[in-house]
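Chemist: Before anything else, here's the structure in question.
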Amino acid sequence: MKYLLVVVCIFSSGMVIGQANTTQALQKEFDGSLSLYFYKNTLRMLNQKDNKEFDELIQNIEKMKFLMVDKTTRNFGMAEYQKLKADYQKEYYESILTSRYQGKNMDIYLKDKKGQTPGTLVLVNDSTNLYVLDIVGTFDVSKAGALFSVIDDSSDIGQQIKNFTNHKKKKGKDKDEDNDEDKSDH
């Protein structure tokens, strides 16, 4: 009985160390956003070219959540982005890097508490989308662009992202066509 209790405590404490509550709230707020989960072995499978640098990059990542939010579905501007960053800071994430990558703003945060696996958060913000990498573990943040490139270049994941963005464009086009039909009736 004691053994079972110890095992349950170990597993439940491991579950507590996870993605940020702010990321979960963002996903709920933007229901229908693209959400993908990766564990260490899935990340290794992304390395289809057997790139040793990529293997080194992901060696300290336990799991990762990739969230792609279409900001055009709701009013999500700079004020909302600033509030999102403040919400992460309330969860003890500290800003360690702010930069631009391929025309997108990138903010990287680190949460490191003694006795817990560190957390790393990468926010990439452009005019239409917000990309969130919520990571249990850490990596060389100077290579965040390389991590995004591998995710995007992966045939399966890249295709899901393209399908998601094309689906958004098609929905918008259908609405425009409906509006055009409405205009032609008058």
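Chemist: So Leu46 fits all but one of (1) farther than 13 Å from Ala144 by Cα; (2) under 14 Å from the mean Cα position of the chain (by Cα); what number is the exception?
Modeler: Result: Leu46 fails condition (2) only.
Chemist: If we scan the stretch 54-77, do we find a residue that is in contact (Cβ under 8 Å) with a residue 24 or more places away in the chain, part of a helix (DSSP H, G or I), among the hydroxyl-bearing types (Ser, Thr, Tyr) and under 20 Å from Tyr37 (Cα atoms)?
Modeler: no
Chemist: Does the stretch 79-105 hold any residues that are assigned to a helix (DSSP H, G or I) and of a type in the set (Asp, Glu), and which are they?
Modeler: Quick first cut of the stretch 79-105, residues assigned to a helix (DSSP H, G or I) only: 79-90.
Passing the criteria: Glu80, Asp87.
Chemist: Taking the residues in the stretch 2-47 that are in a loop (DSSP other than H, G, I, E, B) and either surrounded by 13 or more Cβ atoms within 10 Å (Cβ to Cβ) or touching a Ser or Thr at 6+ places or on another chain (Cβ under 6 Å) (or both) as candidates, determine which candidate is modelled with the lowest pLDDT.
Modeler: Checking each candidate, the answer is Ile17.
Condition check ((1) more than 26 Å from Thr42 (Cα to Cα); (2) of a type outside the set (A, V, I, L, M)) across all residues:
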site: Lys83; (1), (2): yes, yes
site: Lys90; (1), (2): yes, yes
site: Thr117; (1), (2): no, yes
site: Asn125; (1), (2): no, yes
site: Val136; (1), (2): no, no
site: Asp140; (1), (2): no, yes
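The values are calculated or read from the model by the stated rules, or taken from the named source; none is laboratory data. Keep in mind that what you see is a predicted model, and the values were worked out from it rather than measured. A quick note on method: Cβ atoms are made from the backbone with ideal geometry, for glycine too, and the neighbour counts reach across all protein chains shown.
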